[in-house]
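Engineer: Dropping a structure here in structure tokens format, bear with me for questions.
Here, each number is a calculation from the coordinates, and none is a lab measurement. Nothing here was measured: the structure is a model prediction, and the numbers come from that model. Here the Cβ positions follow ideal geometry from the backbone for every residue, glycine too, while neighbour counts run over all protein chains shown.
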Amino acid sequence: MEHRKIGSTVSDFLNAPEAPSPAPHAPGASVRHTRAKGEPRFPDGPKADPAGSHFERRIRSFQPRRSRVTAGQADALQRLWPKWGLDIDGQQVIDLPELFGNDRPVVLEIGFGMGEATAQMAATDPDTNILAVDVHTPGQGNLLGLADRNGLSNVRVGNGDAIILLREMLTSDSLDGLRVYFPDPWPKKRHHKRRLIQPEFLTLAATRLKPGALVHCATDWEPYAEQMLEVLTAHPDFENTQADGGFAARPEYRPLTRFEGQGLDKGHVVNDLLFRRVPHQDR
Ligand SMILES: C[S@@+](CC[C@H](N)C(=O)[O-])C[C@H]1O[C@@H](n2cnc3c(N)ncnc32)[C@H](O)[C@@H]1O
């Protein structure tokens, strides 16, 4: 596999700088101001834990991360969340054509990180809508900013656990594809239960995917790649698109991602998996 840094593969437009930050004492400049207890971080932006206590605590596939939000990301969250953001609160069923303003195919991307690859895919395929979900606030701001600066109207950004989204908020046969790129590998044995790609997850996802929909996963953690191949191959709702039953070559439409770049720097091998949702059996 060719070893390239992500920066050299993401087209120039994605590297367009964020809007200049306001002067340090201008209104809205500081994202680290002291908030009163209970005061929301971004009044018009994503809610801190949208599903809150409505749903039982489950084994989660993500780690809560407290990362700094830049002024540009904060501005994008405040300004664009009301237009393009979706709080995954498990309280509403989403009408996808209404959410995107058209009835083009919708692909769900779980765990977009900082969103550079998502924005690039949205730009190169404007006829596909991408519902991109993560819990990472700086990444949400970054992706909203990228979408805004590059005129991408086919991206919506979800904040919260993708499992709640799939289970509570999406209807049967509503998705045309599912992308999971470099999910947290959870390398320690006692954490394997936190890996996203498991039989139960696939069973849930299958109900939301249309027959023929593609499930595309990629990982730089080889034991996880083997596990993905095993559970996807064994699952009755999916079939491998590869005649030899193995991994796929990276399709051209998937750019190198930020985490992938880090994995390649460490000498990791990247594997892609491309499976198809088979026609419904007896539902
Ligand atoms: C290792 S990062 C990969 C990010 C990006 N795809 C890349 O390749 O650069 C995995 C991301 O998945 C997100 N994630 C994991 N489980 C999730 C879930 N159940 N719902 C939403 N996001 C999730 C994490 O917050 C994290 O940002």
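Engineer: How about LYS188: which lysines have a C-alpha closer than 30 Å to its C-alpha, ignoring those fewer than 8 places off in the same chain?
Structural biologist: Reachable lysines: LYS5, LYS266.
Engineer: Next question, about the same structure. Taking R0 as 51 Å, what FRET efficiency do you get between GLN281 and GLN63 from their Cβ-Cβ distance, rounded to the nearest 0.05? Walk me through the numbers on the way to the answer.
Structural biologist: On the way: r = 36 Å, r/R0 = 0.71.
That pair, GLN281 with GLN63, gives E of 0.90.
Engineer: Lys and Arg at +1, Asp and Glu at -1: add these up for the other residues within a Cβ distance under 14 Å of TYR253 and post the number.
Structural biologist: Result for the neighbourhood of TYR253: -3.
Engineer: Considering only ARG79, ARG179, ARG68, give the residue with the highest GNM mean-square fluctuation for the chain, with springs between Cα atoms whenever their separation is below 10 Å.
Structural biologist: Checking each option, the largest mean-square fluctuation is seen for ARG68.
Engineer: For a Förster distance of 35 Å, can you work out the FRET efficiency between the beta-carbons of LYS188 and ARG35, rounded to the nearest 0.05? Each step should come with its number before you reach the end.
Structural biologist: Numbers: r = 35 Å, r/R0 = 0.99.
Computed FRET efficiency for LYS188 and ARG35: 0.50.
Engineer: With a sphere of radius 11 Å drawn around the Cβ of HIS268, what net charge do the other residues whose Cβ falls strictly inside it have (Lys, Arg +1; Asp, Glu -1)?
Structural biologist: Details: positive: LYS266; negative: ASP220, GLU222, GLU260, ASP265.
That sum, taken over residues with Cβ under 11 Å, equals -3.
Engineer: Hey, what does the equivalent ellipsoid look like for the chain, semi-axes from the Cα gyration tensor as sqrt of 5 times each eigenvalue, largest first, whole Å?
Structural biologist: Details: eigenvalues 182, 96, 73 Å².
Those come to 30, 22, 19 Å.
Engineer: For the chain, with a Gaussian network of springs between Cα atoms less than 10 Å apart, report the residue from PHE247, PHE55, PHE238 with the top mean-square fluctuation.
Structural biologist: Of PHE247, PHE55, PHE238, the Gaussian network model singles out PHE55 as fluctuating most.
Engineer: Something else: Can you pull the one-decimal nm distance between simple spin-label points at VAL269 and ARG167, each 7 Å off the Cα toward Cβ?
Structural biologist: 3.5
Engineer: Using only Cα atoms, locate the centre of region 51-90 and the centre of region 124-138, then give the distance between them in Å, rounded to an integer.
Structural biologist: Measuring centre to centre over Cα atoms gives 14 Å.
Engineer: As an exercise, find the ratio Rg/Rh for region 155-208 from alpha-carbon atoms, using the Kirkwood inverse-distance average for Rh. Each step should come with its number before you reach the end.
Structural biologist: Values: Rg = 12.4 Å, Rh = 12.6 Å.
The Rg/Rh ratio comes out at 0.98.
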